[in-house]
Structures are given as structure tokens and as C-alpha cells.
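J.: So that we are looking at the same thing, I have put the structure below in C-alpha cells.
The values are calculated or read from the model by the stated rules, or taken from the named source; none is laboratory data. Note that the coordinates shown come from a computational prediction; the quantities given were computed from them, not determined experimentally. Positions of Cβ are backbone-derived with ideal geometry, glycine not excepted, and every protein chain shown enters the neighbour counts. Side chains included, ligands, DNA and RNA excluded: accessible areas come from the protein's heavy atoms. Shrake-Rupley method; radii C 1.70, N 1.55, O 1.52, S 1.80 Å.
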Amino acid sequence: MTALTQQQIDAFWRDGVLIMEDAVTPEQLAGLRRDFAAWVAESRSHDAAYGEMVDGRPRFDLEPGHGPDHPALRRIASPADISDAYFDVMSASRMTDGAAELIGPDLRLHHCKINSKLPGAATQVKWHQDFLYDPHSNTDLVTALLMLDEVTEENGPLEVVPGSHKGPLLSLWHDGVFTGAVAEDKAAELSGEAVSCTGPAGSVCFMHACLLHGSAANRSERPRTLFITVYAAADAIPLTPNPVPGRHNGQIVRGREANRIRTTPFEMEVPEYPKGASFFVQQAGDG
Ligand SMILES: O=C(O)CCC(=O)C(=O)O
């Protein structure tokens, strides 16, 4: 049995976005929520970003105003590195099946993270398209935003502009400065066209990498936690270093490796060259 109907697949390619309920089993959802609750509890004893990713940068990011009585854990990088529950859902869930049906059959993990908006959290995400953060040799990338809590209009849902994945890509640079977001006049225009992606806990929102999206602050008393996994078709070659390093990044999670040599800049395995060997091809007559 497939995870998605042909109608859902067509809707994804038409709108650039699709919500699928029951993307994980109740046991998988409980495992994700259990580990997240433990990380929130642990964050109470920290007053600055902590933990360590594979490149040495902190894994756990705290929002300004975080404290022991008011935990504001904002982001966890590559949770699949430190939790079997997250690794399992990223690699072997109905969510993984759905992603493979959209851009597979051969599917690779690009990166994963948790974005959390605890009650009252001020965090907003400005309008952008993921492809400009994760450019590849083709656009067969899908961001899967799995809802660990019910997502409503009030707790800071993802907002998208359906159809915007068909282009253009809007620059994140303004007056020579990288702002990470589209221009402010454009953002105001997009807010008028936006649709919220809401759903019960356990739903996933599949979003095309070129879709314009953002999200507002959590105005409610209820948390909004998303487990976000970016999947790429196996033949999409990353053109820039991975922004969220992780030890499973680049791993094939469905199907098989594309028939090419991997050259992901930050994860490239450097072969051992025989002594005296050079990267440069010797010209005839060079010696
Ligand atoms: O956490 C959110 O609401 C937005 C996530 C997002 O923009 C992204 O993953 O690119």
C-alpha cells in the first residue's frame, strides 16, 4: 500500500504543499514527544546554547529570555544523531514513504532539526524559500514538517503561498547584506496570500524546497513543536556545505544511491593518496 494517492501527489506538484495525517504511528509519536520533553527538562539547567554537533557547534539553541522557570528551547540540530526515536521516524516511517513517493524512489537525508515554539515564544520565521539555503543540482527536494503537537492558527503555524514553488526564487540579499529573508515589501504582499498549515499531532506537511513560507509567533498557551526533515532525490547534488551538519546526512533512506560519485563539500571522504601523488593530472612530458 502506498502512503499517498495519485490525487495527493498531483496536489503536491500543483500547490507545492501537502498535509498528510497519521504520518507516524502512535508509538513513534510518543517516542518523539518523550525525548523532546526530556530535552526541554534538561534545558532548564542551561543559560546559553549547549551540546555539540559533529562540527563542534552547539546542538541546542535557546531563545532570549530562557530560564529555569521559563524554558525556551528553540531549536535542536540533527536530533537523529542522538535519539533512536528521531532516527527511526526520519528513516523508516510513513512520512519517509510519502517523501519517497513525491521525489523518489531513491531518497537521501539532507538534514533534520526540531523547531520549537513553546507557549509565549516570540520566535518568528521570516519569508524565504529553502532552496536558497540548500541549493542542489536539481530542485527535487522536499521539507517534511512533522507536527509533534496539534498545530492551530494560534500557536505559530507554518504559513505558505501555494503555487509559489513554480518560481521565481526571491533573493535573500538586500543592499549587499544577507538578511535570510525576502524583501520587506514582498513579505507584506505574501502575508496577504498566505495559507496556514495546521493539523492534528502526527500530521506532516510536505513542502517543496522552492515554496515561499514563513511563520508567526506562538500566541497561545500550547506548544508548537515541529520535527523537520529535508529529503533530497538521490540524484540531486548539494552545491553548498550542509547548514545543519549531522552524521546521517547524505544517507540513502529509500531506494539506492544514484550512479554518481558523491562530492558533498563538507562530508566528502578524502581518500588516502599514495605518497607523492598530486591532485593535478600530469601533463605529457611533465616528468
Ligand atoms: O518552524 C517554522 O515555523 C518554519 C520552518 C522553516 O521555515 C524551515 O524549516 O525552513
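J.: Based on this model, can you work out whether G202 counts as open to solvent by less than 30 Å² (accessible area, probe 1.4 Å), more than 16 Å from the ligand (Cβ to nearest atom) and not aromatic (F, W, Y)?
T.: In short, yes.
J.: In the stretch 205-244, which residue that is among the small types (G, A, S) and assigned to a strand (DSSP E or B) is nearest to the ligand (Cβ to nearest atom)?
T.: Within the stretch 205-244, the match that is nearest to the ligand (Cβ to nearest atom) is S215.
J.: Next question, about the same structure. Evaluate the following for S116: is it among the small types (G, A, S) and closer than 19 Å to V244 by Cβ?
T.: Yes; evaluated as a whole, the condition is true for this residue.
J.: Give the residue that is nearest to N218 (Cα to Cα), with candidates limited to residues of the stretch 105-160 that are surrounded by fewer than 19 Cβ atoms within 10 Å (Cβ to Cβ) and without any contact (Cβ under 8 Å) to a residue 60 or more places away in the chain.
T.: E153
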